[in-house]
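Student: Starting off with a structure, shown below.
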Amino acid sequence: MPPKKRSSGTPQKKVLKGNMKSGSPDSGENAVHKDKEPEFVSLSEELQATNPICDHAWRIWEREIRSMDKANVRLPLIQQWGACLFIAGMELDGLSLTFTQFLKLVGLSVKQFISLVRKMDVNVDTISPKVNTALKRLENKYDVTLALYQRFVNDLTVLCMFPSRRTELWESSWTMFLLAKGTFLQMEDDLVIAFQLLLCVLEFFAKRFTPSLLQSPYKSAVSSSTLSPPTRTSRRNQGKAKTRPPEMDVQLLETLCKESDCSVDEVKNVYQTTFCAFLDSVGLSGLQGLPPLETLSKQYEELYHKNKDFDARLFLVDDEMLSPNKTEVSKVEMTPRKNLSGDDVAIPVPQTPIRAAMNSIQQLRVDLTSVSDQPSSNLVVYYKNCTVDPSEEIRKRVEELGQVFIKRFAQAVGQHCEGLGRKRFNLGAQLYYKVMESMLKSVSLNKTFNHIITFHTSLLACALEVVMATYVGKCFLGASDSVETDLCFPWILDVFQLPAFDFYKVIESFIKAEPTLKHDMMKHLEQCEHVIMESLAWKADSPLFDLLKQSREEGPGEQAEPPATLNQPLHHNHTASCAILNRTTSCQQEKASSFFFCLSVYRMAYLRLKTLFSHLLTSHPELEPIIWTLLQHTLQNEYELMRDRHLDQLIMSAMYAICKVKNVDLRFKTIVTTYKEMPNTNQETFKRVLIREGQYDSIIVFYNLVFMQKLKTNILQYSSPRPPPLSPIPRIPCSPYKNSPLRVPGSNNVYVSPLKSSRMSPVVMTPRSRILISIGESFGVNKFQKINEMVSSTDWSLKRRLDGGSAPKPLKRLRFDMDGQDETDGSKSSGESTLIQKLAEMSSTRTRMQEQKLKEESVKEHPEP
């Protein structure tokens, strides 16, 4: 049985004292802790903290927490002390209690505790990268489990007619799922595979339910050959029951998949491999009745204590410890669902994490419906027109890389998941051949097509990254995260042993060659590009360093990035992929790629510097060009400082250095505090910086021992009467991804993009794609004509006719820049029609796009000097 509410997971004090380790701070050793508060020592005893953990936690409290802003954390001391003990226990690998038991003693929920620990990270080294990584994985697992439980409640409510959620059937099915997920999935935070496993569990129980409990359409879906309705098997008779392989009710499983917009083939694969293996391992493979709850609960209890995790059975009793934050529950995106009455009006429903994932996967499959995982007839023609037919070499390479991918996928997810890995690779191969054909159509084919062989691994990796990001989510690994057990980028680079610099070369061309790529996936690939430019391309074994060295040895005139080019327009007419596909030598090719890479890095570095500067030094605007000059000099002439380091580390160091020589009071702690609040930043960047080979420390140590020592002479020049000349400010171009829509101001997920020809008929449009043309009502041709008239006109009477309301108040004026950011001018209006507001915003967006287009054409005709 699951533990009861409130009292679950909380050990009694008598039991704790009887089970304490010899190193625990018990009453006989109070003299050792005489410098500590008695209540702190008492809490340490309850949490079974050893003496080293107790001492370390108290040092954290005295050194860091007592000096923090008390307004930042307004919680009882026992909870703050509990956070210190947790940090110390994680660092020293000495936690004895499970996370649930720990939270029960300090009286906090999962979300509250994680938020508290992060607020207590007041200095650069309060929370180590090890603790931060563990905390992040714990939070990810909680978020995934919460989403799965919410879907479990919804599905089981629709599937069966239970008089109460507290029934044994309800508890047994959830506990079996937790046991299966924890036993056979190495990546328990993989939402898609875990959900597919949940559907298998629901099938297992549904076909054993009494038929009267099932609701439509599941009642009719259960085959007549199913084993229902047997009774629950007792533990005494369980061993005597005849065993046989589990039988899958195909019709029932297909119905479950259809109602969930989930791939039937993938769920069947999970059933036949992972789920059947789980049933065998727990002795339930041939069971005809329902498994006893006591057995399942006991096995999960052992697993839960082994992992020292949170007890996910507490979801069943609505335990406050597992309750999400109210603000997170209220932040529900909306997506349309067809009205059950039969008309075409779109009804908004909650956009849950699982529904969002299923919609993305379904849309990817729709885009690849007509594409094979083998070369098309057009590609075969391209191959045959080459001097040497490369088809066999390409086929072998794809086959070899496929075997490597499937093996590594199974190692990361679970040994029984090779079939899923094969299916995902096939999707990637389909996209790979589709994009390759599109690229070849866009360039003039030469007769030595076989020389693009070095390009194929990168192209295939990019296609697979799109597939993996669609399934796993758009995420990135931190510096200390293991690529062995996480499928997030740059996992695919490690699988293929592919240098990040080579992967970078294909990203822009890939996006341009694939018109069906969704906006969020374009943004993901663009973020991959940024991660490569900021750190991955600067790994010690990167080919980039040899290219930069070669460029430097050829003389100033041949350097990859002379300063004078920084303020010149950056045209994206030629990409690395185009250079590879066209008739260019390998040397030239590496120089249409390193040149553009350096340009992009400098521009990104300046944008990041400018953003950080705007938060810290607005009262000293004269320092911005000086800091940029030092940073640009460092990147161009001392690029070895980037080896195995991060671009932002040099940005922060350059800012601090100039402030020091200019006698501007700016502490490194202030820089770091501001930096970690910025989007897309990782605390590893300033907590774990390479000092020398194999030695890492904080960014302050890096500045003192490495950065300042290397650049001392150059830094001091800026305090002299004759400082070095200032570097030109980089020209920031528009995004090279012309297909990327612009966000409508004031909205979260409404975008405007140039009109494209329809690639999908209405019958295959998903709820996600349908919202792109639906604004809460059924639209016909006449409606679109009225919208076009209204957007082109300032006649408010026409707008009123469309909306059907009275004369609206003047709308607030909206502006937004090239990056899609928006700002308001004027007070917020009230009582306006949502439709009219959105249409006016679309009009503003359209005007802005036209002005930008005219400006770009003007620049092309009259380039700046």
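The values are calculated or read from the model by the stated rules, or taken from the named source; none is laboratory data. Note that the coordinates shown come from a computational prediction; the quantities given were computed from them, not determined experimentally. FYI the Cβ positions are ideal-geometry reconstructions off the backbone, even for glycines, and counts take in every protein chain you see. Keep in mind that these areas ignore ligands, DNA and RNA; they rest on the heavy atoms of the full protein, side chains included. Shrake-Rupley method; radii C 1.70, N 1.55, O 1.52, S 1.80 Å.
Student: Which value, in debye to the nearest 20, gives the size of the charge dipole of region 594-719 about its Cα centre, when Lys and Arg are +1 and Asp and Glu are -1 at the Cβ?
Tutor: With Lys and Arg at +1 and Asp and Glu at -1, about 120 debye.
Student: Separate question: Of the heavy-atom accessible surface of region 353-534 (probe 1.4 angstrom), what whole percent is carbon and sulfur?
Tutor: Ligands and nucleic acids excluded, carbon and sulfur reach 51 percent.
Student: Report, to the nearest whole %, how much of the accessible area of region 594-719 belongs to carbon and sulfur atoms, 1.4 Å probe, protein only.
Tutor: Summing carbon and sulfur atoms, their accessible area is 48 percent of the total for region 594-719.
Student: Any idea which of Ile354, Tyr504, Leu368 is furthest toward the positive side of the dipole for region 353-534, if Lys and Arg beta-carbons carry +1 and Asp and Glu beta-carbons -1?
Tutor: Leu368
Student: Then there's this: From the square roots a ≥ b ≥ c of the eigenvalues of the alpha-carbon gyration tensor of region 72-171, which class results: rounded (a/c under 1.5), prolate (a/b over b/c), or oblate?
Tutor: prolate
Student: Find the accessible area per residue for region 594-719; the probe is 1.4 Å, ligands and nucleic acids are left out, and the unit is Å².
Tutor: 42
Student: Positive end of the dipole of region 38-127, charges at C-beta (+1 Lys, Arg; -1 Asp, Glu), about the Cα centre: which of Ile53, Met120, Ser96 has its Cα farthest in that direction?
Tutor: Met120
Student: OK, next. Rounded, prolate or oblate: which fits region 594-719 when a ≥ b ≥ c are the square roots of the eigenvalues of the alpha-carbon gyration tensor, with rounded for a/c under 1.5 and prolate only if a/b beats b/c?
Tutor: Taking the square roots of the gyration eigenvalues as a ≥ b ≥ c, region 594-719 is rounded.
Student: Amide H of Tyr696: which non-local residues (sequence gap of 5 or more, or other chain) have their own amide H closer than 5 Å, using H built in the peptide plane?
Tutor: Result for Tyr696 returns Ile691.
Student: Still on this model: State the volume of the convex hull built on the alpha-carbon positions of region 353-534, expressed per residue in Å³ and rounded to an integer.
Tutor: Per residue, the Cα convex hull of region 353-534 comes to 115 Å³.
Student: Here is a follow-up. Dipole magnitude of region 38-127 about its Cα centre, charges +1 at Lys/Arg Cβ and -1 at Asp/Glu Cβ only, in debye to the nearest 20?
Tutor: 420
Student: Related question: When the distances between all Cα atoms of region 38-127 are binned every 5 Å from zero, what whole-number percent does each bin get?
Tutor: Pair shares across the bins are 2, 15, 29, 28, 19, 6, 0.
Student: I would also like to ask the following. Please compute the contact order of region 353-534 in relative form: average sequence separation of alpha-carbon pairs under 8 Å and at least six residues apart, divided by the residue count, as a percent.
Tutor: Reported as a whole number, the value is 25 percent.
Student: Taking all protein chains as present, what is the carbon and sulfur share of the accessible area of region 101-222, in % to the nearest whole number, probe 1.4 Å?
Tutor: 54
Student: Leaving out ligands and nucleic acids, and using a 1.4 Å probe, what accessible area per residue does region 38-127 come to in Å²?
Tutor: 36
Student: Moving on. Structure shown: which of Lys268/Lys512; Lys141/Lys207; Lys219/Lys423; Lys136/Lys712; Lys141/Lys434; Lys111/Lys687 lie over 26 Å apart, alpha-carbon to alpha-carbon?
Tutor: From Lys268/Lys512; Lys141/Lys207; Lys219/Lys423; Lys136/Lys712; Lys141/Lys434; Lys111/Lys687, over 26 Å: Lys268/Lys512; Lys141/Lys207; Lys219/Lys423; Lys136/Lys712; Lys141/Lys434.
Student: Do any trypsin sites (Lys or Arg not before Pro) in region 609-695 lie in a loop, going by DSSP, with at most 14 other beta-carbon atoms within 10 Å of their beta carbon, and if so which?
Tutor: Arg643, Arg667
Student: Rounded to the nearest 20 Debye, what is the dipole magnitude of region 353-534 about its Cα centre when Lys and Arg each give +1 and Asp and Glu each give -1 at the C-beta?
Tutor: For this selection, approximately 540 debye.
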